[in-house]
Amino acid sequence: MAREPEGGRGRDRDREERDSEFVDRLVHINRVAKVVKGGRRFGFAALVVVGDQKGRVGFGHGKAREVPEAIRKATEAAKRSLIRVPLREGRTLHHDVNGRHGAGRVVLRAAPPGTGIIAGGPMRAVFETLGVHDVVAKSQGSSNPYNMIRATFDALIHEDSPRSVAARRSLKVSALQARRQGADAEAVDA
């Protein structure tokens, strides 16, 4: 029975399979200049969002002298910073949530099926890689893509599932859901 060596091709194949499950979206490229004695040296900064479209998403920033190298660095940084976000029925958020970073503020709202992703550029990239199909989002304040992405991630970190809320309150999920449906019925009657 032949075995592959420990440091051989087997490990590379596993890494490729793991990388192939992720979808990456380039959000922004910025050309930056460093002034030196002989003139300017140009480089590039890239902002990339990576996700598995099943509730995990991350973002990364990379800088290099060439665009492809900057994108590669940003993608690797994004894969190191993945977070898990609970989704309702795998298509939308559980509840409305606000997020902020610097002067950037975002409002994320859960939406009924068929709504689609109603969001601006950088936020749209986050939702598409996260696997959300129905959401309404509004960016307020800064339109800087870095601040918008970080504000969106701040909001997503504060997203809770009914299961985690029930565990925190020492309740059963069904009791928590019954309270919610009771409140919804009262709102319709009013």
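Points to keep in mind about this one:
- Set side by side, the residues His28, His94 differ, and just one is surrounded by 14 or more Cβ atoms within 10 Å (Cβ to Cβ), in a loop (DSSP other than H, G, I, E, B) and either out of contact with any Cys (no Cβ under 9 Å at 6 or more places or on another chain) or at positive phi (or both), which is His94.
- Checked against the criterion of being free of Cβ contacts under 8 Å to residues at least 60 places away in the same chain, surrounded by 19 or more Cβ atoms within 10 Å (Cβ to Cβ) and within 13 Å of the chain's Cα centre (by Cα), the stretch 106-115 contains one or more residues that satisfy it.
- Residue tally, condition in contact with an Asp or Glu (Cβ under 8 Å, 6 or more places away or on another chain) and of a type in the set (Ser, Thr, Tyr), over the stretch 63-96: 2
- Selection from the stretch 97-131 of residues that are farther than 19 Å from Asp52 by Cα, among the hydrophobic types (A, V, I, L, M, F, W, C) and outside any strand (DSSP E or B): Ala103, Ala111, Ala119
- Pairs are defined by a Cβ separation below 7 Å, a sequence spacing of at least 6 or placement on different chains, a first member in the stretch 146-170 that is closer than 12 Å to Phe59 by Cβ, and a second member that is assigned to a helix (DSSP H, G or I); the pairs so defined are Met148/Pro122; Met148/Met123; Ile149/Pro122; Ile149/Val126; Thr152/Met123; Thr152/Val126.
- Enumeration of residues in the stretch 20-74 that are polar (S, T, N, Q) and either within 30 Å of Arg88 (Cβ to Cβ) or touching a helix residue (DSSP H, G or I) at 6+ places or on another chain (Cβ under 6 Å) (or both): Ser20, Gln53
- Condition met for Gly55 (among the small types (Gly, Ala, Ser) and farther than 30 Å from Ala33 by Cα): yes
- Within the stretch 13-53, the set of residues being modelled with pLDDT under 90 and among the basic types (Lys, Arg) comprises Arg13, Arg15, Arg18.
- Residue in the stretch 34-55 that is surrounded by fewer than 15 Cβ atoms within 10 Å (Cβ to Cβ) and closer than 19 Å to Phe153 by Cβ present: yes
- Of all the residues in the stretch 118-132, those that are open to solvent by 30 Å² or more (accessible area, probe 1.4 Å) and of a type in the set (Val, Ile, Thr) number 1.
- Here Gly99 fits the description: in contact (Cβ under 8 Å) with a residue 12 or more places away in the chain, small (Gly, Ala, Ser) and under 16 Å from Ile157 (Cα atoms).
- Those residues of the stretch 40-78 which are among the basic types (Lys, Arg) and free of Cβ contacts under 8 Å to residues at least 60 places away in the same chain, in sequence order: Arg40, Arg41, Lys63, Arg65, Arg72, Lys73
- Sole residue being of a type in the set (A, V, I, L, M, F, W, C), out of contact with any Asp or Glu (no Cβ under 6 Å at 6 or more places or on another chain) and either open to solvent by 50 Å² or more (accessible area, probe 1.4 Å) or at pLDDT 90 or above (or both), chosen from Val135, Val165: Val135
The values are calculated or read from the model by the stated rules, or taken from the named source; none is laboratory data. This is a predicted model, so every value here is computed, not measured. Ideal geometry is used to build each Cβ from the backbone, glycine not excepted, and the neighbour counts take in all protein chains shown. Each accessible area value is taken on the protein alone, full model and side chains, heavy atoms only, with ligands, DNA and RNA left out. Shrake-Rupley method; radii C 1.70, N 1.55, O 1.52, S 1.80 Å.
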